[in-house]
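Taking it in order: structure first as structure tokens, then the write-up.
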Amino acid sequence: MKKFKGKGVYGGVAIGKLRVINRTGVEVRRIRIDDIQAEKKRLENARLEAAKQLEEIYSKALVSVGEANARIFEIHLMMLEDEDYNESIENIIETQWTNAEYAVAVTSDNFAQMFSSMDDSYMQARASDVKDISNRIIECLNPDEKSEESLTEKVIICADDLAPSETVSLDKDNVLAFVTANGSSNSHTAILARNMNIPAIIGLGEEFLAEISDGMTAVVDGMAGELIIEPDTDTMTKMQLRQSEEADKRELLQRLRGKENVTLDGTRIKLYANIGSADNVGAVLLNDAEGIGLFRSEFIYLENDDFPTEEQQFSVYKKVLESMAGKKVIIRTLDIGADKQAPYFNLRREENPALGLRAVRLCLKRPDIFKTQLRALYRASAFGNLGIMFPMITGKPELERILAICSEVEKELQSEGIQISRKIEKGIMIETPAAAVISDMLAPMVDFFSVGTNDLIQYTLACDRQNADVEDYCDSHHEAVLRLIKFAADNAHSSGKWIGICGELAADTQLTERFLQMGIDELSVSPHFVLPLREKIRSIRLK
Ligand code: PEP
Ligand code: MG
């Protein structure tokens, strides 16, 4: 038995035989040619064939992983036509009198290296895309040597790395799991694995490839990021038990996947999920949430030792939007302060941090930080269905200032020629009593409300959510809290706006009926609560 540790991209246990994909592909040799025009013609034909294949893969991906994820193959098609890339290949053929395969391979290495050395993790991940299209052109130059991976039994796919096109081309029904020596969780392959609901581990290190061969038995623990080869009897029994427990749990709830969130008398409500990182999107999809109702973006800041750059944030938001494939994704702007502190903000110690400089208050004091985040959000909006939500609102003036900064950022990006979505919904959290009480004044200014019950309870009932000594006073069913929610719901609806709840109370099934009676339009809960809550909704009769 041998164990290898990597990064779990998508959870679940898979047990089965290994299938090693040899991606060395066609061996490229440098051959001197004597007819440059003929070689360029060969190249052109191969490029046309590659484009045809990519169009076919795109159509296949549209069905298996959705439009947003399939877009990577459109990007590949664009790369195939990229002027710099093609000029480099032709230039090598012309100046070095070499065969097209060699020119493509050299260009591929150069471009991949260039992408890998960039600071931006999104651009780094593009190195594997350029290698992917280059390998395809080389294969098209040598159609007889092309090796298609066809799977006739269920296997665990092992490779040094997998290109997105290889990932979607594999017969999903016969893939138990993906494990790779390299790869980044930012790569489209990782995104695709999550979307295909297949356990996956990346970054196991090159040494694992030397230890494995086709047909070996292995266990993939996608949650722990662990690959166990030739497990002993004890390990096998333990993992089989876990696998069957997971299957039982899944089966129980799977009955509800794809079912509507509708009461017995036909009242509908949207069920979204809350996330704190792009890595949680797999759980959102697995649990069949219709969207993301709260992405707590401050975790990106908390995980960093310094302010995350616009590029860093853009790549995270883009990844989430792409993975959600057109479903609603509401990203909440930075809510730092109070219990969420990052040392590099150098915030002054406060007597009452929960009542202090947190969330939008901090963003308005540091518009540079706020604008960086907004630019990243607006840029990412082109890749999905984005909603932006502002936390800790208490009054109109701060909301006016926030919306003015949003317009500034929007204009700035437009003048830079950057594409942004035209239909970004903007909303606010109703998590202070003040916001609930003046919700009639706030509703016309935004597209939606989302009630943050964790803070609404703390501020309404004057009890610190961090202090265990006053926990008994934090009565989440307190009439004051419920009336404020109902009041905000009525005001939202009077203005023709929608209202959701994204605090923990949204998952409290004792209140589901009451929320439905209030006309709450959406509930956003931790991913694993989605299906149990759906079960509850479907058991309720309101009238
Ligand atoms: C809330 O206050 O209910 C909420 C959703 O936000 P957080 O818990 O992050 O403060
Ligand atoms: Mg809150």
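The values are calculated or read from the model by the stated rules, or taken from the named source; none is laboratory data. Just so it is clear, the structure is predicted and the values come from calculations on it, not from any experiment. Cβ atoms come from the backbone with ideal geometry, glycine included; neighbour counts cover every protein chain shown. Note: accessible area is taken over every heavy atom of the protein model, side chains too, but ligands, DNA and RNA are not part of it. Shrake-Rupley method; radii C 1.70, N 1.55, O 1.52, S 1.80 Å.
Data for the structure
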| read-out | value |
| --- | --- |
| Interatomic Cα distance distribution for the range 308-355, bins of 5 angstrom, percent | 4, 15, 20, 17, 14, 12, 11, 5, 1 |
| Over 19 Å (Cα to Cα) - which of Lys497/Lys536; Lys270/Lys497; Lys270/Lys327 fall in this group | Lys497/Lys536 |
| Listed residues Val28, Gly11, Leu54: farthest to the positive end of the dipole of the range 1-83 (Cβ charges) | Gly11 |
| Modelled FRET efficiency - R0 35 Å, Arg30 with Gln414, Cβ distances, 0.05 increments | 0.15 |
| Beta bridge orientation in the chain: antiparallel %, DSSP, nearest 5 | 30 percent |
| Ellipticity estimate at 222 nm from DSSP helix runs (n ≥ 4, -39,500 (n - 2.57)) divided over the chain, nearest 500 | -14500 deg cm²/dmol |
| Rh by Kirkwood over Cα pairs, then Stokes-Einstein D for the chain at 0.692 mPa s and 37 °C, µm²/s | 128 µm²/s |
| Chymotrypsin sites (Phe, Trp or Tyr not before Pro) restricted to DSSP loop in the range 97-138 with at most 14 other C-beta within 10 Å | Trp97 |
| With eigenvalues of the C-alpha gyration tensor scaled by 5 and rooted, the range 436-491, Å | 25, 11, 8 |
| Sorted peptide list for 412-419, 335-342, criterion being average Cβ within 10 angstrom, highest first | 335-342, 412-419 |
| Sites matching GluC sites (Glu not before Pro) across the range 193-244 that sit in DSSP coil, with at most 11 neighbouring C-beta atoms within 10 Å | Glu206 |
| Too-long pairs where the Cα-Cα distance tops 26 Å, listed order kept, from Lys423/Lys543; Lys7/Lys365; Lys5/Lys319; Lys17/Lys238; Lys318/Lys411; Lys52/Lys328 | Lys423/Lys543; Lys7/Lys365; Lys52/Lys328 |
| Alpha-carbon centroids, the range 89-127 and the range 300-344: separation in whole Å | 32 Å |
| Cα-based shape type of the range 446-543, given that a ≥ b ≥ c are square roots of the gyration tensor eigenvalues and the cut on a/c is 1.5 | oblate |
| Per residue solvent-accessible surface (Å²) - the chain, probe of 1.4 Å | 45 Å² |
| Low-density loop cleavage sites - trypsin sites (Lys or Arg not before Pro) in the range 415-504, where at most 11 other Cβ are within 10 Å (DSSP) | Arg422, Lys423 |
| Heavy-atom accessible surface of the chain: percent carbon and sulfur, 1.4 Å | 48 percent |
| Nearest-0.05 FRET efficiency for Glu44 and Met216, computed from C-beta distance (R0 56 Å) | 0.80 |
| Dipole axis of the chain (+1 Lys, Arg; -1 Asp, Glu on Cβ), positive-most option in Gln37, Phe111, Leu482 | Leu482 |
| Relative intensity, log₁₀ I(q)/I(0), of the range 327-420 from a Debye sum that treats every alpha carbon as a point, q = 0.19 Å⁻¹ | -0.94 |
